[in-house]
1. Looking at this structure, is Thr121 in a loop (DSSP other than H, G, I, E, B), among the hydroxyl-bearing types (Ser, Thr, Tyr) and either crowded, with 21+ Cβ neighbours inside 10 Å or modelled with pLDDT of 95 or more (or both)?
2. Looking at the stretch 1-58, which of the residues that are of a type in the set (Ser, Thr, Tyr) and over 16 Å from the mean Cα position of the chain (by Cα) is farthest from Gln136 (Cα to Cα)?
3. Specify which of the listed residues (Glu212, Glu164) is assigned to a helix (DSSP H, G or I), among the acidic types (Asp, Glu), in contact with a Pro (Cβ under 9 Å, 6 or more places away or on another chain) and modelled with pLDDT of 95 or more.
4. State whether one or more residues within the stretch 172-180 are more than 30 Å from Arg68 (Cβ to Cβ), in contact with a Gly (Cβ under 6 Å, 6 or more places away or on another chain) and without any contact (Cβ under 8 Å) to a residue 60 or more places away in the chain.
5. Six or more apart or on different chains, Cβ atoms under 7 Å: show the pairs whose first residue is in the stretch 152-170 and closer than 17 Å to Gly205 by Cα and assigned by TED's automatic domain parsing to the domain that holds Asp187 and whose second is surrounded by 18 or more Cβ atoms within 10 Å (Cβ to Cβ) and polar (S, T, N, Q).
6. Pull up the stretch 99-115, narrow it to residues that are touching a Lys or Arg at 6+ places or on another chain (Cβ under 9 Å) and exposed (fewer than 15 other Cβ atoms within 10 Å of the Cβ), then point me to the one that is modelled with the highest pLDDT.
7. Can you tell me which residues in the stretch 1-27 are closer than 17 Å to Ser131 by Cα and in a loop (DSSP other than H, G, I, E, B)?
8. With respect to the numbered conditions (1) in a strand (DSSP E or B); (2) surrounded by fewer than 18 Cβ atoms within 10 Å (Cβ to Cβ), which one is the sole condition not fulfilled by Ile192?
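The values are calculated or read from the model by the stated rules, or taken from the named source; none is laboratory data. Fair warning: this is a prediction, and the values are worked out from it, not measured in the lab. Note that each Cβ is placed from the backbone with ideal geometry, even for glycine, and that neighbours are counted across all protein chains shown.
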Amino acid sequence: MDINEAIVNRHSVRQYKDEPIAPEQIAALEALIRECNEESGLRIQLIQDDPDCFKSFLASYGKFKNVRNYIALVGPKSMEDLDEKCGYYGQKIVLEAQMMGLNTCWVGGTYAKGKCSAERTAEERLVCVISIGYGQTQGTERKTKPMSKLCDLPESEMPEWFKEGVKAAMLAPTAINQQSFRISLEDGEPVITAGRGVMIKIDLGIVKYNFEAASGHKCR
């Protein structure tokens, strides 16, 4: 599976098989997380065998089951674009995990934040977590807004690379599937802006990563 197939095939999964992640996959995830932290200044952490974080009414409401492993997205409170960076680098890990044969789900509020085992200082904030493991299913495809609702440029006028980026952005997971973003092309440069909504800056980072991974072009 390559990155474009991962973008298409990856869906949110909330119920997992009760089995540990293979050691070679753990090693690959930890290496990737170190790389992301060095590049971003974040303190992303892979937490293993910690079911308490998802033993709460909120987790039950979110229909989570057998979540024992998760990725905690932590970073400095002083970082101006903290939420967006967490979305961007978290999605990079999510898609790599998909290519490894693992399943994931972005989790903003339906977990026991106070029971999260991630390390953080008084100067750091836990932004959100991503459940990870072997899904009982591969998840289901969700509805997406039409391209014309998300992009200012008519499809007939899009360069092929830009069109591929937009398609990938349309498949990016967003909080409550709100897809509150706009994509434009300004002087040959792709620009993605956030609208209004919950967890909107995290969503912006996720969408940007999908666009860049599929198009090969950096955006702002």
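1. In short, yes.
2. Filtering the stretch 1-58 down to residues of a type in the set (Ser, Thr, Tyr) leaves 12, 16, 40, 56.
With the extra rule that they be over 16 Å from the mean Cα position of the chain (by Cα), the set shrinks to 16, 56.
Details: Tyr16: 5, Ser56: 20 Å.
That would be Ser56.
3. Testing whether each residue is assigned to a helix (DSSP H, G or I), among the acidic types (Asp, Glu), in contact with a Pro (Cβ under 9 Å, 6 or more places away or on another chain) and modelled with pLDDT of 95 or more leaves just Glu212.
4. Residues of the stretch 172-180 more than 30 Å from Arg68 (Cβ to Cβ): 179-180.
After this cut, where a residue has to be in contact with a Gly (Cβ under 6 Å, 6 or more places away or on another chain) as well, the list is 180.
From what is left, the residues that are without any contact (Cβ under 8 Å) to a residue 60 or more places away in the chain are 180.
Yes - at least one qualifying residue is present in the stretch 172-180.
5. Close Cβ pairs (under 7 Å, with a partner that is surrounded by 18 or more Cβ atoms within 10 Å (Cβ to Cβ) and polar (S, T, N, Q)) amount to Gly165/Ser215; Ala168/Asn210; Ala169/Asn210.
6. Lys115
7. Across the stretch 1-27, the qualifying residues are Arg10, His11, Val13, Arg14, Lys17, Asp18, Glu19, Pro20, Ile21, Ala22.
8. That leaves (2) as the condition not met.
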